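Bear in mind that the values in this text are calculations on the coordinates, not laboratory data. Because the structure is a prediction, the values reported are computed rather than measured. Positions of Cβ are backbone-derived with ideal geometry, glycine not excepted, and every protein chain shown enters the neighbour counts.
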Amino acid sequence: MTGSQSNTARLVRQDLQETLFEQVVRREGWQALLISLLLRLAVRVMRVSDWQPVAASLVSPGAGSSQLRVANYVTALAHDFYRQQSLDEAAANAGLSRRRFTELFRSLTGTSWRRHLLNLRLQHGARLLLETKKSVTELMFECGFDDPSHFNHHFKSAFGCAPLVYRKAHCAR
């Protein structure tokens, strides 16, 4: 079982435990909470059934299990980049030491974990600027940034202009 799979199994177990607990205790709002927990469980099951174990383009045939776990993590990160996570947590999710994880991550992606995560967040932010009318604060938060100045600084570095200037320039075309 890979790190992503074991994490999903842990979350499903927690959801089930909370569902059972709420059925017994019946605190105020328990019925609404049960419905939301059951919906979350249904989504987790659907996502697990559609789960692609490895991004085939990332690893060569005969890759070791460590490399496969990191490749699976890289694939999952494309959908979970907005979550707050440390490098140590990422390495633990892949079942590797921090040093081994960063070494394999860089060999698979060509960049560091932090840079890859930042790029995913910024690309999503740029897409939201063009496809939605959300404020910069809203989309910054949705991309996983907590600080507007931090987002603006990195966005300017990556795209050469501030987010609103980027929106105006690209939407005018």
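Local charge sum around Phe105 (other residues, Cβ-Cβ under 14 Å, Lys/Arg +1, Asp/Glu -1)?
With Lys, Arg at +1 and Asp, Glu at -1, the net is +4.
Enumerate the calculated ³J(HN,Hα) couplings along the range 152-157 in order (Karplus 6.51 cos²θ - 1.76 cosθ + 1.60, θ = phi - 60°), each rounded to whole Hz, writing x wherever the residue is Gly or Pro.
Running phi through 6.51 cos²θ - 1.76 cosθ + 1.60 with θ = phi - 60° gives 4, 4, 5, 5, 4, 5 Hz.
Shape call for the chain from the C-alpha gyration tensor, a ≥ b ≥ c root eigenvalues: rounded (a/c under 1.5), prolate (a/b greater than b/c) or oblate? Could you put the intermediate results ahead of the total?
Numbers: a/c = 2.24, a/b = 1.18, b/c = 1.89.
It comes out oblate by the Cα gyration axes.
Have a look at Phe159, Phe81, Phe105 and tell me which one the Gaussian network model of the chain (Cα, springs below 10 Å) gives the largest fluctuation.
Of Phe159, Phe81, Phe105, the Gaussian network model singles out Phe159 as fluctuating most.
Would you calculate a helix-derived [θ] at 222 nm for the chain, using -39,500 (n - 2.57) for each DSSP H run of n ≥ 4 and dividing by the full residue count, to the nearest 500?
Numbers: 9 runs with 125 residues, N = 173.
Theoretical 222 nm ellipticity from helices: -23500 deg cm²/dmol.
Placing unit charges on C-beta atoms (Lys and Arg positive, Asp and Glu negative, everything else neutral), compute the dipole magnitude of the chain about its Cα centre in debye, rounded to 20.
Working: 23 positive and 14 negative charges, 93 e Å.
Here the size comes out at about 440 debye.
Of Val136, Val70, Val25, which has the largest mean-square fluctuation in a 10 Å C-alpha GNM of the chain?
Taking springs between Cα atoms under 10 Å, the residue moving most is Val25.
Got a sec to turn the phi values of the range 85-100 into Karplus ³J(HN,Hα) couplings, 6.51 cos²θ - 1.76 cosθ + 1.60 with θ = phi - 60°, whole Hz, x for Gly and Pro?
8, 8, 4, 4, 5, 4, 4, 5, 4, 8, x, 10, 6, 4, 5, 5
On the first, second and third principal axes, largest extent first, how far apart are the outermost C-alpha atoms of the range 115-171 in Å?
27, 21, 18
Say the dipole of the chain comes from +1 at the beta carbon of Lys and Arg and -1 at that of Asp and Glu; which of Ala162, Leu20, Leu128 then lies farthest toward its positive end?
Ala162
Given the options Arg47, Arg27, Arg115, state which has the largest fluctuation in a GNM of the chain using a 10 Å cut-off (strictly under) for Cα springs.
Largest GNM mean-square fluctuation: Arg27.
Kindly write out, for the range 126-137 in residue order, the coupling ³J(HN,Hα) from the Karplus curve 6.51 cos²θ - 1.76 cosθ + 1.60 (θ = phi - 60°), rounded to whole Hz, with x marking Gly and Pro.
4, 4, 5, 4, 7, 9, 10, 10, 5, 5, 4, 5
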